[in-house]
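K.L.:
If you scroll down you'll find the structure; I have some questions about it.
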Amino acid sequence: MKLTPCSIGAAALCLASFAFGPRAVSAELTLARDGWTSWEVAAVDGAPDYCCWSDSRNFRDAPRSACRLDATQQSYGSHDHSTTDLVRIYARTSGGKLDRFRALSATCPVETATPMRDLGRVAEDESARWLVNLAEQRDAGADKRHRVEEDVLAALAVNRGNLARDGLAGIARNDARTETRKQAVFWMALLRGQEGAEITSSIMLNDKNADIREHAAFSLSQSKAPRASADLIRLGNTDRASEVRAQAWFWLAHLGAPDTESAIFAALRKETDDDVRERAIIALAQLPDDRAAKALITIAEDRSQSREQRKRAIFWLSQSDSDAAQSYLEQVLTAN
């Protein structure tokens, strides 16, 4: 479906005058000045089947329910690893200003308080161009529109095509707003598969902003990328900021990769920052019970570690319900 500026007539408002922020933009999509507009677009491979569910407390077993798009509070998401090939984007405007936004599976039922203007199927690049233009705008009321901005970035992440990928990557790398960059990095890692993980990893290892590198480590750990553990190990060993190194070990342990223990043991032997060493031991305690107990016992028994680090390992063993941990502590108490 080809949409051209101002072709809908007086009832529609061209994006050039549709104000999410103070900077006007131009694109081919048109939206009504007031009310809901929606369109359908091809989704990236593996796009989650986002919808609303009848019982948010029992999310995994609950059947789908209609998403009430005008509601002030209603959670949405996906379960059972269901995916979709098509997403439908919903935008609500008031006086030409965007005040609500959502991207859901095209098969997800929705309810609105006012009629929906349906633009039908839109080409992936056309939709992506509109979303990029919108996301790049500056807004003096950014705090108030933070939720809308995040939903726009999520929609861009799930929009199929290289234009969407490159636009999101550009925001993640270059936007002047740190929080916007962090959201773009997160959605890039979560929704754009292997290529998204590669871009996230590049930002994590090379960005000048330590806060961005730290957030990228978290984002990469939420992806399903096979490269995540190796890249987090590299980050923990090489980053110049102690906080980033500490977070790298924490998120590595969160992944539970098979080489987590050996990587952290090696780091503890060469790490010079006491806080990073302590937090690396805390990271080991986040592993599954038996693995955590075995790793912590190794630290407690390692006389090359400082007394404080060995004591810290024993402390975390004392917090564990693992039989191995409790048995080891009994041995220590008996020996003493």
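K.L.:
So, Ile264, is that one closer than 18 Å to Thr298 by Cα and β-branched (Val, Ile, Thr) or not?
P.N.:
yes
K.L.:
Which condition from (1) over 27 Å from Arg129 (Cβ atoms); (2) in a helix (DSSP H, G or I); (3) over 14 Å from the mean Cα position of the chain (by Cα); (4) not assigned by TED's automatic domain parsing to the domain that holds Ile299 is the one that Met204 breaks?
P.N.:
With respect to (1) over 27 Å from Arg129 (Cβ atoms); (2) in a helix (DSSP H, G or I); (3) over 14 Å from the mean Cα position of the chain (by Cα); (4) not assigned by TED's automatic domain parsing to the domain that holds Ile299, Met204 is out only on (3).
K.L.:
Residues to consider are Ala241, Ala228, Ala280; find the one that is under 26 Å from Gln194 (Cα atoms) and modelled with pLDDT of 95 or more.
P.N.:
Ala228
K.L.:
Same structure, new question: Within the range 84-109, how many residues turn out to be more than 21 Å from Glu150 (Cβ to Cβ) and outside any loop (DSSP other than H, G, I, E, B)?
P.N.:
1
K.L.:
Take the range 307-336 and flag every residue that is among the small types (Gly, Ala, Ser) and surrounded by fewer than 14 Cβ atoms within 10 Å (Cβ to Cβ).
P.N.:
Within the range 307-336, Ser318, Ser327, Ala335 meet the criteria.
K.L.:
A further question follows. Among the residues in the range 168-184, are any small (Gly, Ala, Ser) and closer than 25 Å to Ile264 by Cβ?
P.N.:
The answer is no; no qualifying residue exists.
K.L.:
Residue under question is Thr93, and the condition is that it be surrounded by fewer than 18 Cβ atoms within 10 Å (Cβ to Cβ), out of contact with any helix residue (DSSP H, G or I) (no Cβ under 9 Å at 6 or more places or on another chain) and not assigned by TED's automatic domain parsing to the domain that holds Arg192; does it hold?
P.N.:
no
The values are calculated or read from the model by the stated rules, or taken from the named source; none is laboratory data. Predicted model, so just to flag it, every value in this text is computed and none were measured. Reconstructed Cβ throughout: ideal geometry from the backbone, glycine too, with neighbour counts over all protein chains shown.
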